[in-house]
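Presented below is the structure to which this report refers.
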Amino acid sequence: MQKELIKEAASIEEAKALIAVEFGVEEEKITFETLQEPGKKVLGLFGGSQAVVKGTIEAENVSAASLACAFLKNVLAGMGVTDCTYDVKEEENGCVITLDGENLGFIIGRRGDTLDALQYLTGLVANRADNRYYRVTVDIGNYREKREKALVGLARRLGGQTARTGRRHSLEPMNPYERRIIHTTVQDMDGVISWSVGSEPNRHVIIGPSEDNPNKDKAGDSRGRGNGRRGGRGENRNRDRRDRDYEITAPERPVRAFVSRQNPLPMADGGSLPVRTESEKEDNATLYGRIDL
């Protein structure tokens with residue numbers, strides 16, 4: 001069985017190089033056929049055409065691992081990564097591509113988001129080799145191993161807290177591979193279960209008490225009793241208010257001397273200040289008091 005690939009480029013050599021990169025093999029293993037010669041532009045501005053080349057190769061010469069590695073090299077070259085080594089380790093129904101070099105941290109991204117995206121795209125290309133599932137893992141500086149250890153430690157710590165207190169813990173959103181690590185770790189612990197909720201990309205794991213956890217109902221009962229106690233105190237306060245006598249009698253207040261705002265100081269001629277008198281309405285103001293003007 002043969003595989004064919006057609007590419008267009010400014011020159012025949014560039015088209016051949018593109019075919020070799022996508023096949024993931026050397027150009028010597030590919031049979032090329034030029035379908036269209038490149039055409040020159042008139043006065044360097046108008047017209048012209050690109051070269052069209054078809055490459056043919058035997059299917060047994062194209063492996064999924066070579067396709068994946070060639071695609072990854074091409075993508076990283078476009079990202080400016082040139083000084084990098086690629087170690088391909090084939091496994092059953094898959095392969096692990098390990099990158100080694102300096103200043104590759106940006107390829108990992110935040111919580112491995114960029115690395116996961118590259119791994120996903122590389123896996124799609126590898127599955128085109130023979131149209132079957134082929135698992136591709138892309139790793140940089142043992143990041144996968146370090147991340148797995150961190151997730152296992154997190155699952156054990158939160159699972160232990162849940163087993164002791166009976167309370168749930170919600171984790172941050174994770175990809176399916178990382179969620180599987182959490183579930184695998186929790187299922188070996190007593191009194192704890194885990195499940196996933198939400199939709200991608202916000203799907204996350206919740207760790208909660210199992211049915212046989214003796215502390216499962218304590219967390220809920222303690223919260224209920226706390227609310228009941230607060231509610232009980234509230235009812236007692238309301239009962240006290242209902243039984244309380246709210247009749248209020250205003251205390252007697254002496255009438256203050258009226259001081260004119262226009263002339264608060266003594267008169268220049270020694271005269272006395274005007275005296276303020278109470279009105280009938282002020283005598284009846286028992287609840288809100290009087291207003292002095």
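Brief remarks follow.
- Among residues of the stretch 1-25 being assigned to a loop (DSSP other than H, G, I, E, B) and under 41 Å from the mean Cα position of the chain (by Cα), the one that is modelled with the lowest pLDDT is Gly24.
Every residue, every condition in (1) within 24 Å of the chain's Cα centre (by Cα); (2) surrounded by fewer than 17 Cβ atoms within 10 Å (Cβ to Cβ); (3) outside any helix (DSSP H, G or I), yes or no:
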{"position": "Tyr133", "(1), (2), (3)": "no, yes, yes"}
{"position": "Lys146", "(1), (2), (3)": "yes, yes, no"}
{"position": "Arg157", "(1), (2), (3)": "yes, yes, no"}
{"position": "Gln161", "(1), (2), (3)": "yes, yes, no"}
{"position": "Glu172", "(1), (2), (3)": "yes, yes, yes"}
{"position": "Tyr177", "(1), (2), (3)": "yes, yes, no"}
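- Residue check for Gly160: touching a Gly at 6+ places or on another chain (Cβ under 9 Å) and not basic (Lys, Arg): no
- Number of the condition not met by Ser63 [criteria: (1) farther than 27 Å from Pro201 by Cα; (2) at pLDDT 85 or above]: (2)
- The stretch 179-202, residues that are surrounded by fewer than 14 Cβ atoms within 10 Å (Cβ to Cβ) and either part of a loop (DSSP other than H, G, I, E, B) or assigned by TED's automatic domain parsing to the domain that holds Thr137 (or both): Gln187, Asp188, Asp190, Gly198, Ser199, Glu200, Pro201, Asn202
- Complete set of residues in the stretch 26-54 that are at pLDDT 80 or above and within 43 Å of the chain's Cα centre (by Cα): none
- For the stretch 98-116, taking the residues that are over 26 Å from the mean Cα position of the chain (by Cα) and in a strand (DSSP E or B), the one that is surrounded by the most Cβ atoms within 10 Å (Cβ to Cβ) is identified as Gly101.
The values are calculated or read from the model by the stated rules, or taken from the named source; none is laboratory data. Note that the structure is a prediction, hence the values are computed from the model and not measured. So basically every Cβ, Gly included, is an ideal-geometry build from the backbone, and we count neighbours across all protein chains shown.
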